[in-house]
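Asks: Sending over a structure as C-alpha cells; questions will come in a sec.
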There are 2 protein chains.
Amino acid sequence: MKGGSIELGEVSKNTSRSKGVKRGLSIMDFILRIVAGVATLASAVAMATTDERLPFATAFIQFRAEYDDLPSFVFFVTGNSIVCGYLVLSLVLSIFHIVRSTAVKTRILLIVLDTVMMGVLTAAASAAASIVYIAHYGNTKANWFPICQQYNSFCERISGVFL
Amino acid sequence: MKGGSIELGEVSKNTSRSKGVKRGLSIMDFILRIVAGVATLASAVAMATTDERLPFATAFIQFRAEYDDLPSFVFFVTGNSIVCGYLVLSLVLSIFHIVRSTAVKTRILLIVLDTVMMGVLTAAASAAASIVYIAHYGNTKANWFPICQQYNSFCERISGVFL
C-alpha cells in the first residue's frame with residue numbers, strides 16, 4: 001500500500017507539473033497573440049495612412065501618391081486588418097486555454113485557423129513587398145520606372161512597413 | 001471472465017479500426033504529396049521555360065521577355081523548386097507512416113515542415129501574382145505600362161501558371 005501511495009504521489013506531481021508547463025505555454029500564446037495583433041494593426045495603419053502630394057502640379061493633375069493607387073497595397077491593408085481582427089477574437093480562446101489547460105479541440109481549432117491566417121498574411125506581405133521592390137528599383141526590361149525617385153517620403157513609408 | 005473477453009475483443013476491434021482509418025489517411029497523405037509535387041514541378045517548369053522574342057529589333061536591342069527579367073518570377077521558380085524537392089523527400093516519411101501508423105513524432109515534424117513550405121509557396125505565388133497583375137493592367141498612377149500589350153504569348157504563359 002505504501003508503494004502504491006508513493007507512486008500515486010509521483011503521478012499527481014507529474015500531472016501538476018505538466019499542467020504548469022501547459023499553463024505557461026498558454027500564457028506565452030496569449031502574449032504572442034497580443035504582440036502579433038499590435039504588429040498587424042501597426043502595419044495596416046502605417047500603410048493606410050501613407051499619402052504624399054508633390055509640391056508641384058500641372059493644370060489638370062496634382063501629383064499624389066496614396067496606398068490605394070496600387071491594388072497590392074490595398075490587399076496588404078485588408079489582409080493585415082483581417083488577421084488583426086482574428087487575433088483579437090482568438091484572445092478569448094487563448095484566455096480559455098489558460099484557465100482550462102486540458103482543452104484539446106479548441107487548441108486544434110486555433111492551430112488550423114492560425115495556419116490559415118498565416119497564409120493570408122504571407123500572401124499580403126509578399127504581394128506588397130514585390131511591388132515595393134519595383135517601386136524602388138523599377139524594371140528596365142519592362143520599362144517600369146522606379147517611382148521612388150519622385151515620391152521619396154511615400155517610398156520610405158511603404159518600405160518602413162517591412163523593417 | 002466471459003464479459004471481460006468480450007470487452008477485450010471490442011477494444012481490439014476498435015484499435016484495428018482506428019488503425020485502418022490512420023492507414024487510409026496516411027495513403028491519402030502520400031497521394032496528395034505526389035499531386036502537390038507534380039503541381040509545383042509543373043509550375044516551376046512552366047515559368048522557367050517562358051521566353052518570347054518579338055519579331056522586330058532595333059540595331060542594339062532585341063526585344064525579348066524571359067522569366068528572369070523579373071525578380072519575383074525568379075523567386076517563384078526557386079520557391080516552387082524548393083517545395084517540390086521537399087515534397088519528394090517527404091514521400092519517404094509518408095511511406096513510413098503508411099507502414100507504421102503509430103508514429104507520432106515524425107508526423108508532427110512533417111506538419112511543422114509542411115507549414116513552413118506552405119509559407120514559402122504562398123509568398124512565391126503571391127509575389128509573382130502581383131507582378132502578373134501589373135503586367136496585365138499596368139498602373140496609370142505609377143506610369144507602369146502593361147507589358148502584356150507587347151508580349152502576348154509571354155503573358156499568357158505567366159498567367160496560365162495561376163489557372
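Asks: Given (1) more than 23 Å from A:Trp144 (Cβ to Cβ); (2) modelled with pLDDT of 85 or more, where does B:Ala48 come up short, assuming only one miss?
Replies: (1) is the only condition that B:Ala48 fails.
Asks: Same structure again: Of all residues in segment B:59-75, which are at pLDDT 85 or above and open to solvent by 80 Å² or more (accessible area, probe 1.4 Å)?
Replies: Result: B:Phe75, single match.
Asks: Can you tell me how many residues in segment A:99-117 are crowded, with 16+ Cβ neighbours inside 10 Å and aliphatic (A, V, I, L, M)?
Replies: Number of matching residues: 3.
Here is a yes/no grid of residues against (1) under 21 Å from A:Gly119 (Cβ atoms); (2) out of contact with any Phe, Trp or Tyr (no Cβ under 9 Å at 6 or more places or on another chain); (3) more than 14 Å from chain A (Cβ to nearest Cβ); (4) of a type in the set (Phe, Trp, Tyr):
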residue	(1), (2), (3), (4)
B:Ala48	no, no, yes, no
B:Asp51	no, no, no, no
B:Ser72	yes, no, no, no
B:Ser90	yes, yes, yes, no
B:Thr102	no, yes, yes, no
B:Thr106	no, no, yes, no
B:Thr115	yes, yes, no, no
B:Val132	yes, no, no, no
B:Asn139	no, no, no, no
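Asks: Of the residues in segment B:141-158, how many are part of a helix (DSSP H, G or I) and within 8 Å of chain A (Cβ to nearest Cβ)? Steps first, please.
Replies: Pass one, segment B:141-158, residues part of a helix (DSSP H, G or I): B:147-149, B:152-158.
Remaining after also requiring within 8 Å of chain A (Cβ to nearest Cβ): B:147.
Final tally of qualifying residues: 1.
Asks: Scan segment A:133-147 for residues that are surrounded by fewer than 20 Cβ atoms within 10 Å (Cβ to Cβ) and touching a residue at least 12 places away in the same chain (Cβ under 8 Å) and jot them down.
Replies: A:His136, A:Pro146
Asks: Can I ask one more? Going by what's in this entry, would A:Cys155 be described as surrounded by 14 or more Cβ atoms within 10 Å (Cβ to Cβ), over 20 Å from A:Ile34 (Cβ atoms), in contact (Cβ under 8 Å) with a residue 12 or more places away in the chain and not basic (Lys, Arg)?
Replies: On the way: surrounded by 14 or more Cβ atoms within 10 Å (Cβ to Cβ): yes; over 20 Å from A:Ile34 (Cβ atoms): yes; in contact (Cβ under 8 Å) with a residue 12 or more places away in the chain: yes; not basic (Lys, Arg): yes.
Taking the combined requirement at face value, the residue satisfies it.
The values are calculated or read from the model by the stated rules, or taken from the named source; none is laboratory data. A quick note: this is a predicted structure, and the numbers were derived from the prediction, not measured. Cβ atoms come from the backbone with ideal geometry, glycine included; neighbour counts cover every protein chain shown. All accessible areas refer to the heavy atoms of the entire protein, side chains included, with ligands and DNA or RNA removed. Shrake-Rupley method; radii C 1.70, N 1.55, O 1.52, S 1.80 Å.
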